[in-house]
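Taken together, the values in this text are just the output of simple stated rules run on the coordinates, not laboratory data. It should be emphasised that the depicted structure is a prediction, and the values quoted were computed from it without experimental measurement. Here the Cβ positions follow ideal geometry from the backbone for every residue, glycine too, while neighbour counts run over all protein chains shown.
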Amino acid sequence: MLDARGLQWVSPLELAAIVSMGTVAAADGRDVHLLVPQDPKIASYLVRMNVVELLKPFAEIDGSVPSQGRRDHSDKLLEVAKVTPTNVEDISETLGELVRTRLGADAGRAAFRSLGELLSNATTHGFSKTGAFTAAQLYSGALSRTPGFEFAVCDSGAGIQKVPSDASNQELEGPPALELALNGGNRRAEGRGHGLPNLWRQAIRGGNKGGELMLRSGDAVATAKLRPEPTSICSRVAEPVNGTWAWLRVRVP
């Protein structure tokens with residue numbers, strides 16, 4: 001049951017996560033129901049961002065779904081899209097063009113490198129039969145007064161849990177595993193790490209004013225403030241998730 005009735009604000013993370021959870025449930029043979037947001041504006045946004053379209057083939061849609069004439073907003077958003085090893089380069093290029101055009105050359109290049117890192121993780125470390133889902137949006141700052149770029153990718157792969165540490169070769173779970181990933185100590189069999197510390201450096205380059213990174217994997221969540229002196233908080237959550245969810249916001253001048 002995907003209960004979106006009470007949603008009052010939707011970011012790329014919620015959009016990608018709803019589709020990812022529904023796709024995983026359907027692949028496991030479970031019935032999938034989407035309870036449409038009661039706020040008509042939020043319901044319309046779910047339609048606009050491809051959430052309803054991607055769920056319709058296997059899910060029951062419960063609630064009023066508004067019809068709309070879709071305008072081209074490719075200059076400021078990327079609707080929810082499935083990302084796989086075969087199309088990840090195309091999606092990366094689409095995102096790269098978006099951020100470079102709207103954020104400027106320097107800030108755009110820095111943001112693009114961060115996005116590429118997260119997409120690469122989702123299609124290598126996080127690869128699964130159900131794939132990963134991504135979404136993105138630019139914010140002008142007219143309402144929030146914090147212009148920037150927001151991006152999310154949710155995969156249903158092995159996650160960051162139970163990954164051997166370089167130093168001890170012991171498997172780590174929960175917050176310690178996320179802490180290790182954030183610090184660049186996480187390595188897979190192919191010898192590659194998540195490279196997440198790169199996000200800290202990229203988020204403050206090119207005139208960017210830092211930002212936030214959220215990772216959720218299994219029953220753990222980590223939130224990092226991306227600043228010259230980055231800080232992070234890792235904790236456990238009651239509801240575990242399949243794979244890894246990543247959300248990034250980069251603030252710009």
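Label Ser64 and Thr223 with points 7 Å out from Cα along Cα→Cβ: what is the distance between them in nm?
3.4 nm
Would you mind computing, in nm to one decimal, how far apart the modelled labels at Arg71 and Lys41 are, each placed 7 Å from Cα along Cα→Cβ?
Each label point is offset 7 Å from its Cα along the Cβ direction, giving 1.5 nm.
With charges set only on the Cβ (+1 for Lys and Arg, -1 for Asp and Glu), what does the dipole of segment 1-66 come to about its Cα centre, in debye to the nearest 20?
Working: 5 positive and 8 negative charges, 38 e Å.
So the dipole magnitude of segment 1-66 works out to roughly 180 debye.
Starting from the 7 Å offset along Cα-to-Cβ, what nm value, one decimal, do you get for the label separation of Asn87 and Arg30?
So the label points at Asn87 and Arg30 sit 2.5 nm apart.
Grab the other residues whose beta carbon is less than 15 angstrom from that of Ala238, score K and R as +1, D and E as -1, and report the net.
The answer is 0.
In square nanometres and to one decimal, what's the mean projected area of the convex hull around the Cα atoms of segment 10-138?
Values: hull surface 32.4 nm².
Taking a quarter of the hull surface, the average projection is 8.1 nm².
Taking the alpha carbon gyration tensor of segment 1-66, what are the square roots of 5 times its eigenvalues, largest first, to the nearest whole Å?
Working from the Cα gyration tensor, I get semi-axes of 18, 12, 10 Å.
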